[in-house]
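Chemist: Take a look at the following structure, please.
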Amino acid sequence: MKALTIAGEEIRSRLWLGSGLYESPKQMNDTLNNGAPGFITLSLKKQTVEELKQVKEEHSFWEYLQQQAQHGAKLLPNTAACFTAKEAILQSQLSRELFQTDWIKLEVIGDKRNLQPHPTETIDAAKELIAQGFKVLPYCTDDLVLCETLLALGCSAVMPWAAPIGTGLGLLNPYQLGQLRKYLPEAVIVIDAGIGKPSDAMAAMEMGFDAVLLNTACARAQQPELMATAFKQAVEAGRLSYTAGIMARQEQAHPSTAVY
Amino acid sequence: MQLKVNGETKNFVPAPVNLEQVLDTLGYLQEDAPRFVVAYNQTLVNPDQYLKTTVYEGDSVDVLSVITGG
């Protein structure tokens, strides 16, 4: 299976996972071990000295995330909780300084109720971050014109939602997602947010998308570690299926046994 | 001197002169402190600039570090 390459870097897997919402650092780590994701998302937060000390404890989530990075996953800081381009640009600069990476998951929220990304603030932030040398992976809606605009600016990929963050509703608008794949055949498109179950991820991969990014679907499963394995296999199967070429649907029955 | 630290107003006596003194007073510069980044008045400040950054009444200092996320 052809490896995924973005901005000249080979990404080891087409399954990307978030690090949030797990019951414990160990559960997060076990889940990430089973999923073996290409990217792992994480974030920044204002912290007191006392909170900071917990970050450094043995078997903390940060210790595990560093181990994941040493074993081939790439860390992808996000700009969660940013509502303006200005906020997202500062958060990206802070993330680059802390994590020593140019990769950034650009997330500029436009509406607190459905966590929909803000299109124009995302564009403004992407423009500036690209000028500053970031490899920008913007979380966006499935709007074709918006995706085209972000790619034309120089974003390394676009990451349209399947459904609002954390809902697990799956691919709510497969027609529109299909239009993105059809009209942007060369672009790296990652389905981000709203994936609820492995079959959603597999459906996205069978449509020809390049990767899927999810968090809640694993973290809120009854057995996150096991669900990560299921997602890994679903993403691999979906990609293989797309690569193999799915048969054309037919209305008329045709026998598979040549006895008629 | 009052400064806004991580969004909360804090009183500093004696008044600090620079960002290094602010961070030291708050305990962030202890030897065993983990890595963090600082935004001063919504601008990234690198560690080599802490001493050179003069602080003024009402300024904001944000200290951030890693958290999990999606």
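Chemist: Hey, can you tell me all the residues within region A:95-112 that are surrounded by fewer than 22 Cβ atoms within 10 Å (Cβ to Cβ), in a loop (DSSP other than H, G, I, E, B) and among the charged types (D, E, K, R)?
Modeler: Matches in region A:95-112: A:ASP102, A:LYS112.
Chemist: For region B:1-24, which residues satisfy the criterion of being β-branched (Val, Ile, Thr) and either under 9 Å from the mean Cα position of the chain (by Cα) or part of a strand (DSSP E or B) (or both)?
Modeler: B:VAL5, B:THR9, B:VAL22
Chemist: Does any residue of region B:59-66 turn out to be more than 30 Å from A:PRO164 (Cα to Cα) and more than 9 Å from the chain's Cα centre (by Cα)?
Modeler: yes
Chemist: Give region B:38-66 a look and list any residue that's part of a strand (DSSP E or B) and either within 12 Å of chain A (Cβ to nearest Cβ) or aliphatic (A, V, I, L, M) (or both), or say none.
Modeler: Those that are part of a strand (DSSP E or B) and either within 12 Å of chain A (Cβ to nearest Cβ) or aliphatic (A, V, I, L, M) (or both): B:VAL38, B:ALA39, B:TYR40, B:LEU44, B:VAL45, B:SER60, B:VAL61, B:ASP62, B:VAL63, B:LEU64, B:SER65, B:VAL66.
Chemist: Go through (1) touching a helix residue (DSSP H, G or I) at 6+ places or on another chain (Cβ under 7 Å); (2) surrounded by 19 or more Cβ atoms within 10 Å (Cβ to Cβ) for A:TRP161 and report which single condition fails.
Modeler: (1)
Chemist: Going by the conditions given, is B:VAL66 surrounded by 15 or more Cβ atoms within 10 Å (Cβ to Cβ) and touching a helix residue (DSSP H, G or I) at 6+ places or on another chain (Cβ under 9 Å)?
Modeler: yes
Chemist: How many of the residues making up region A:221-245 are more than 14 Å from A:ASP200 (Cβ to Cβ) and not in a helix (DSSP H, G or I)?
Modeler: Going through region A:221-245 one residue at a time, the tally reaches 3.
Chemist: Every residue in region A:164-178 that is under 25 Å from A:ALA125 (Cα atoms) and surrounded by 15 or more Cβ atoms within 10 Å (Cβ to Cβ), please.
Modeler: A:PRO164, A:ILE165, A:GLY166, A:LEU177
Chemist: Additional query: So if I check each of A:SER92, A:SER13, which one is among the small types (Gly, Ala, Ser) and surrounded by 24 or more Cβ atoms within 10 Å (Cβ to Cβ)?
Modeler: A:SER92
Chemist: Now, a different point. Restricting attention to region A:33-65, which residues are away from chain B (no Cβ under 11 Å) and part of a helix (DSSP H, G or I)?
Modeler: A:ASN33, A:ASN34, A:GLY35
Chemist: Of the conditions (1) touching a helix residue (DSSP H, G or I) at 6+ places or on another chain (Cβ under 6 Å); (2) within 12 Å of chain A (Cβ to nearest Cβ); (3) of a type outside the set (D, E, K, R); (4) not in a strand (DSSP E or B), B:GLN30 clears all except one; give me its number.
Modeler: That leaves (1) as the condition not met.
Chemist: Yes or no: region A:45-63 includes at least one residue that is within 16 Å of the chain's Cα centre (by Cα), on the phi < 0 side of the Ramachandran plot and of a type outside the set (Val, Ile, Thr).
Modeler: Checking region A:45-63: not a single residue is within 16 Å of the chain's Cα centre (by Cα), on the phi < 0 side of the Ramachandran plot and of a type outside the set (Val, Ile, Thr).
Chemist: Go through region A:231-260 residue by residue and tally those that are exposed (fewer than 15 other Cβ atoms within 10 Å of the Cβ) and in contact (Cβ under 8 Å) with a residue 40 or more places away in the chain.
Modeler: The number of residues fulfilling the criteria is 3.
Chemist: Now for a separate question. Right, A:LYS74: surrounded by fewer than 22 Cβ atoms within 10 Å (Cβ to Cβ), facing chain B (nearest Cβ under 8 Å) and of a type outside the set (Val, Ile, Thr) or not?
Modeler: Here the answer is no, as A:LYS74 does not meet what is asked.
Chemist: Keeping to region B:4-52, report how many residues are hydrophobic (A, V, I, L, M, F, W, C), touching a Ser or Thr at 6+ places or on another chain (Cβ under 7 Å) and either surrounded by fewer than 15 Cβ atoms within 10 Å (Cβ to Cβ) or more than 23 Å from A:PRO77 (Cα to Cα) (or both).
Modeler: 3
Chemist: May I pose another question? Whether any residue in region A:118-135 is in a helix (DSSP H, G or I) and within 14 Å of chain B (Cβ to nearest Cβ) is what I want to check.
Modeler: Yes.
Chemist: If I go through region A:154-183 residue by residue, how many of them are assigned to a loop (DSSP other than H, G, I, E, B) and among the hydrophobic types (A, V, I, L, M, F, W, C)?
Modeler: Adding up the residues that qualify gives 9.
No lab work stands behind these numbers, since they all come straight from the coordinates. This is a predicted model, so every value here is computed, not measured. We place every Cβ from the backbone using ideal geometry, glycine too, and count neighbours over all the protein chains shown.
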